[in-house]
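Engineer: Sending over a structure as structure tokens; questions will come in a sec.
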Amino acid sequence: MEFKSFKKMLLKKGIEAGFEECEIYFSEGESISISVYEGEVEKYSLDKAFGLSFRGKLDGKIGYSFTEIMDFDAINMLIKNAKESALYIENDDTQFIYEGDKEYEKVSSYSEKLENIDAGKMIELVLDLEKETKLYENVVNINGCKISYSSSNYGIYNTKGLELTNKSNILMSYVVPVVEENGEKQDGIGYTIAKSLDEIDPKIIAKQGVKEANSKLNGKIIPSGNYKTILYNEAMVSLIGTFADIFSADSAQKGLSLLKDKEGEIIANEIVTIVDNPLLEDGLASTPFDDEGVATFKKEIVSRGKLTTLLHNLKTANKANVKTTGNGFKASYSSQVGVEPSNLYIEKGEKSFEELMDLVGEGVVITDLAGLHSGANSITGDFSLAAKGFYIKDGKKEFPIEQITVAGNYFDLLKQIEVIGNDLKFPMSSVGSPSVIIKELSIAGS
């Protein structure tokens, strides 16, 4: 059955079955992923997916169901399952099917240059990427060499007259070279996110990956102590992403965030502004509406150190007696609506990375953090993580450091940010950050 006919019939039959209001959320997409090894295509996958969820309001409670098939049986199944799930709901949280907003912003999330992408050209580019990487004499292996394209189309329709659709696509490529020197091996990564095949330059990506790998060679362990530290943008991104849930109103209302009822309080240095921006140009999570149909907008979660708002969906906003922030998102079509950030980042400052090193003079720059899943507690904010980076002396990188552990508390760290760089970066992620100087960080070494 065609989607248009299926949608119309499902909404109609939902009302006939006794639902007061009904809603359909759908998503469809395709992806091409190509990996190469030793001059040959190692893996080629082409995937297409479609899924649809149905929500219906019954006696003030919303039942939920989903399907990947569109036929008459699926319509009956969706209505039956949604009715049953509504009857089993025991909490008294007010649920909503949204009537929509008057205006929705336009976002840049789709590149027409990627339409009908040439898979043959993709293969050629990723083979060239591997070839260019191997030209470097101390590259002894490649742990990954890949190019991938994905596109999605998604939307919401309901019996209140809401009809919204949006589409996005993305092209990315990366290589992970392994270099060796005097028996020591290190790896690095070179990558790019592009809006057309012409923007992918294998030479530049290979150079980036090999340069990073070589920079890690001949690492040393430094003595344990408290160091003035630069958290490099990619390392800071790791921390922000790990602790992003502290800004969720849903987590706060469940007692899983220490920021509960802290709106209006200072939680970071006054130079820190943390933004959730679903309208960011070419952001990986940019969208004009959330998965409840609410118009999205840029907002400062933390403004000059002060917590101004938590992130809300319709349900959490109603419980807190505030307006939703348009952050009601699903993990997939088959998931229920939760609270998630869109493009989340610290606003950049004015100093270059080199100027940050000059300001530190002597200290440490942390470039890599590991063990984030096991070594960070998103509720307390405590973390203890394996790290790599460089020792800084006279404002310059003196030598790489390894086998160290950094420890601290995320809430304390936000208050100890002294200077913010201008090198804002989103490393293959919807989370971004510039590099920042931390007044003092505990490092366990030798």
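The values are calculated or read from the model by the stated rules, or taken from the named source; none is laboratory data. Every value quoted in this text rests on a predicted model; they were computed, and no experiment measured them. FYI the Cβ positions are ideal-geometry reconstructions off the backbone, even for glycines, and counts take in every protein chain you see. The protein model used for the area step is the full one, side chains on, heavy atoms only, and it has no ligands, DNA or RNA in it. Shrake-Rupley method; radii C 1.70, N 1.55, O 1.52, S 1.80 Å.
Engineer: Return the pair list, or none, for Cβ contacts closer than 6 Å from residues in segment 122-150 that are free of Cβ contacts under 8 Å to residues at least 12 places away in the same chain and closer than 29 Å to K167 by Cβ to residues that are open to solvent by less than 10 Å² (accessible area, probe 1.4 Å) and not small (G, A, S), at least 6 apart or on different chains.
Structural biologist: none
Engineer: Another question, then. If you go through segment 151-159 one residue at a time, do you hit one that is without any contact (Cβ under 8 Å) to a residue 60 or more places away in the chain and either surrounded by fewer than 18 Cβ atoms within 10 Å (Cβ to Cβ) or not β-branched (V, I, T) (or both)? Working first, answer last.
Structural biologist: We begin by selecting, within segment 151-159, every residue without any contact (Cβ under 8 Å) to a residue 60 or more places away in the chain; these are none.
No: zero hits.
Engineer: What are the pairs with Cβ atoms under 7 angstrom where one residue, in segment 357-375, is without any contact (Cβ under 8 Å) to a residue 12 or more places away in the chain and the other, located anywhere, is open to solvent by less than 40 Å² (accessible area, probe 1.4 Å)? Sequence gap at least six, or different chains.
Structural biologist: Pairs that qualify, where the first residue is without any contact (Cβ under 8 Å) to a residue 12 or more places away in the chain and the partner is open to solvent by less than 40 Å² (accessible area, probe 1.4 Å), are G375/F383; G375/L385.
Engineer: Does I404 count as hydrophobic (A, V, I, L, M, F, W, C), open to solvent by less than 40 Å² (accessible area, probe 1.4 Å) and closer than 27 Å to K185 by Cα? Reasoning before the result, please.
Structural biologist: Working: hydrophobic (A, V, I, L, M, F, W, C): yes; open to solvent by less than 40 Å² (accessible area, probe 1.4 Å): yes; closer than 27 Å to K185 by Cα: yes.
The answer is yes for I404.
Engineer: Go through the residues of segment 227-247 one by one and say whether even a single one is in a loop (DSSP other than H, G, I, E, B) and either open to solvent by 10 Å² or more (accessible area, probe 1.4 Å) or modelled with pLDDT under 95 (or both).
Structural biologist: If we filter segment 227-247 for residues that are in a loop (DSSP other than H, G, I, E, B), which is where we start, we get 232, 243.
Cutting the leftovers down to either open to solvent by 10 Å² or more (accessible area, probe 1.4 Å) or modelled with pLDDT under 95 (or both) gives us 232.
Scanning segment 227-247, I find at least one residue that is in a loop (DSSP other than H, G, I, E, B) and either open to solvent by 10 Å² or more (accessible area, probe 1.4 Å) or modelled with pLDDT under 95 (or both), so the answer is yes.
Engineer: Separate question: Find the strands (runs of 3 or more DSSP E) located wholly in segment 161-207 whose residues include 2 or more that are aliphatic (A, V, I, L, M), and list them. Walk me through it before giving the result.
Structural biologist: On the way: elements: 163-181, 184-187, 190-194.
It comes to 163-181, 190-194.
Engineer: Let me ask something else. I'd like the residue in segment 57-69 that is of a type in the set (A, V, I, L, M) and buried (at least 18 other Cβ atoms within 10 Å of the Cβ) and, out of all such residues, is farthest from S168 (Cα to Cα).
Structural biologist: Residue satisfying both the conditions and the ranking: L58.
Engineer: While we're here: Just need a number here: residues in segment 1-56 that are open to solvent by 50 Å² or more (accessible area, probe 1.4 Å), touching a helix residue (DSSP H, G or I) at 6+ places or on another chain (Cβ under 8 Å) and closer than 27 Å to M77 by Cβ.
Structural biologist: Adding up the residues that qualify gives 3.
Engineer: Just for segment 292-326: of the residues that are among the hydrophobic types (A, V, I, L, M, F, W, C) and open to solvent by 60 Å² or more (accessible area, probe 1.4 Å), which one is farthest from I267 (Cα to Cα)? First the steps, then the outcome.
Structural biologist: Narrowing segment 292-326 to residues among the hydrophobic types (A, V, I, L, M, F, W, C): 294-295, 297, 301-302, 307, 310-311, 314, 317, 320, 322.
Subset that is open to solvent by 60 Å² or more (accessible area, probe 1.4 Å): 297, 322.
Values: F297: 23, V322: 21 Å.
Here the answer is F297.
Engineer: Do the conditions hold for Y44, that is, is it more than 26 Å from T287 (Cα to Cα) and assigned to a strand (DSSP E or B)?
Structural biologist: On the way: more than 26 Å from T287 (Cα to Cα): yes; assigned to a strand (DSSP E or B): yes.
Yes.
Engineer: Let me ask something else about it. Is at least one residue of segment 327-335 more than 30 Å from I437 (Cα to Cα), crowded, with 24+ Cβ neighbours inside 10 Å and either touching a Ser or Thr at 6+ places or on another chain (Cβ under 6 Å) or among the acidic types (D, E) (or both)?
Structural biologist: No, segment 327-335 has no match at all.
Engineer: Within segment 195-214, can one find any residue that is within 17 Å of the chain's Cα centre (by Cα), crowded, with 16+ Cβ neighbours inside 10 Å and modelled with pLDDT of 95 or more?
Structural biologist: Here is the first cut: in segment 195-214, the residues within 17 Å of the chain's Cα centre (by Cα) are none.
No, that holds for no residue.
Engineer: Are any of the residues in segment 9-23 within 17 Å of S335 (Cα to Cα) and among the small types (G, A, S)? Before you say what the answer is, go through the steps one by one.
Structural biologist: Within segment 9-23, the first condition is being within 17 Å of S335 (Cα to Cα), and the residues that meet it are 22-23.
From what is left, the residues that are among the small types (G, A, S) are none.
Looking for residues that are within 17 Å of S335 (Cα to Cα) and among the small types (G, A, S), one finds none in segment 9-23, hence no.
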